[in-house]
Amino acid sequence: MNQMGLISFSNKGIYCKQGDFYIDPWRPVKLAITTHGHADHVKWGNEAYLCHELTKPILDQRLGMELKVETLPYYKEISINGVKVSLFPAGHVIGSSQIRLEYKGEICVVSGDYKVEDDGISTAFEPVKCHTFVSESTFGLPIYKWQPQELIFSQIRDWISDNHDKNKTSVLVAYSLGKAQRLIKGLAGYNAIYVHNSIANLNERFIKAGVDLPESIRITAELKKEELQKGILIVPPALAEGRWIKNLTNAATGVCSGWMQVRASRRWRSADAGFALSDHADWPGLLSAIKATGAEKVFVTHGFSATFSKYLNEIGIESEEVTTQYGSEEEDEEVLEVAK
Ligand SMILES: [Zn+2]
Ligand SMILES: [Zn+2]
């Protein structure tokens, strides 16, 4: 194990020795502090979990209710074995948190996944001053620069209305945690929104937990094709090429993902449309977020970590790439969800 101040990177995950806990471990540990509910950041089998109060409904849904989960609101500080621990909004998905650790005046922040644009549904990202910052780098290449979300949403609306004119059924492909809620918020009041089970189940829990989420309708076998054709369907990636889509009236699929910016993914070549709507920071977003922390040292995790950390060193921010098991990102989770 490589000990570096308040945190180290072990074969189980990001470890805080002084507090004897892990952040987003990928192997079972005693206490896991969870940044957010995506499958690559939270695994089953830890003795106890600590997360934001809106991440708990996700864990309950995905890992089962019998888990021992303690929650915190943003900003509230607790002490674990003398280490001060608090959560700050990461703006990635509902409940997503940066974990701030403080011990004997040294401050370390672990970002989990984050985006800097306020999506109106996840609490907006807030930079936190620290000595050491652990940043993701999912889109850590200069080619990734998002258009403002208003513009992307207006493109999505145009696409939907064009589909209506052509009697096509609009199917938006989006991760069930994060992108789906963001689409529901952004497209509410426009057409009826129909969602796949995995999204409906999560939404129910969010609404119960007090999230102000506009209405959406669970897709069931009873719904008529004509009805669906007038609305907007949101389904997770694992279902995007399923047989039931072929049974819809002239389905047109629109994939909502940051990867659509370069249409690099082979997987989505058959999609009718791509919208580069991402829940991660783009290149300028990563840089502005990192500079705002004032960190003396930045550890770069999953994504284009080598390129990104090299660039940080070039502009005078001491940085190091670290290997973690995060990153195959939400896609794996979707397969699991659907297989359930
Ligand atoms: Zn994530
Ligand atoms: Zn991630």
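Throughout, read-outs are computed from the coordinates displayed, never taken from laboratory work. Small disclaimer: the values here were computed from a predicted structure and weren't measured. Because the Cβ atoms are built from the backbone with ideal geometry, glycine has one as well, and the counts that use them run over all protein chains shown.
Quick check on the exposure proxy: order 10, 319 from fewest to most C-beta atoms within 10 angstrom. Could the numbers behind the result be given before it?
On the way: 10 16, 319 22.
Placing the least packed residue first, the sequence is 10, 319.
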*Check the straight Cα-Cα distances from residue 129 and name the aspartates and glutamates below 12 Å, setting aside those fewer than 8 residues away within the same chain.*
102, 106, 296
_Among beta bridges that DSSP assigns inside segment 1-54, antiparallel share in %, nearest 5_ = 60 percent
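Could you order peptides 110-121, 209-220, 78-89, 33-44 by the average number of other Cβ atoms within 10 Å of their residues, highest first? Let's see the in-between values first.
Values: 110-121: 22.8, 209-220: 14.8, 78-89: 17.0, 33-44: 24.5.
Averaged packing, sorted descending, gives the order 33-44, 110-121, 78-89, 209-220.
Given all pairs of different Cα atoms, what value in angstroms does the Kirkwood hydrodynamic radius of the chain take? Numbers along the way, then the final one.
Numbers: mean 1/r = 0.0488 Å⁻¹.
The Cα-based Kirkwood calculation yields 20.5 Å.
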_Among the listed pairs 76/297; 115/246; 115/297, which have their C-alpha atoms separated by more than 23 angstrom in this model?_
76/297; 115/246
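Note down the magnitude of the dipole of the chain about its Cα centre, charges +1 on Lys and Arg C-beta and -1 on Asp and Glu C-beta and zero elsewhere, to the nearest 20 debye. Numbers along the way, then the final one.
Details: 37 positive and 43 negative charges, 92 e Å.
Roughly 440 debye for the chain.
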*Which one of 142, 25, 57 has the biggest mean-square fluctuation once the chain is modelled by GNM with Cα springs under 10 Å?*
142
*Convex hull (Cα only) mean projected area of segment 226-279, reported in nm² to one decimal*: 3.9 nm²
*Percent of Cα-Cα pairs per 5 Å bin, from 0 to the last occupied bin, for segment 76-188, please list those.*
2, 10, 15, 18, 16, 12, 9, 7, 4, 3, 2, 1, 0
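Write down the percent of antiparallel bridges among all DSSP beta bridges whose residues are both part of the chain, to the nearest 5. Walk me through the numbers before you get to the answer.
Numbers: 22 of 59 bridges.
Approximately 35 percent, going by the DSSP bridge assignments.
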*Restricting things to alpha carbons, tell me how big segment 149-275 is in terms of Rg and Dmax, in Å.*
13.7, 39
*Compute the acute angle (0 to 90°) between the alpha-carbon long axis of helix 197-208 and the principal axis of greatest extent of the alpha-carbon atoms of the chain; round to the nearest 10°.*
60 degrees
*Can you list the lysines whose alpha carbon sits under 16 Å from that of residue 17, skipping same-chain ones fewer than 8 residues off?*
30, 84, 104
*Say we join alpha carbon atoms closer than 10 Å with springs in a Gaussian network model of the chain; which of 204, 136, 314 then has the biggest fluctuation?*
314
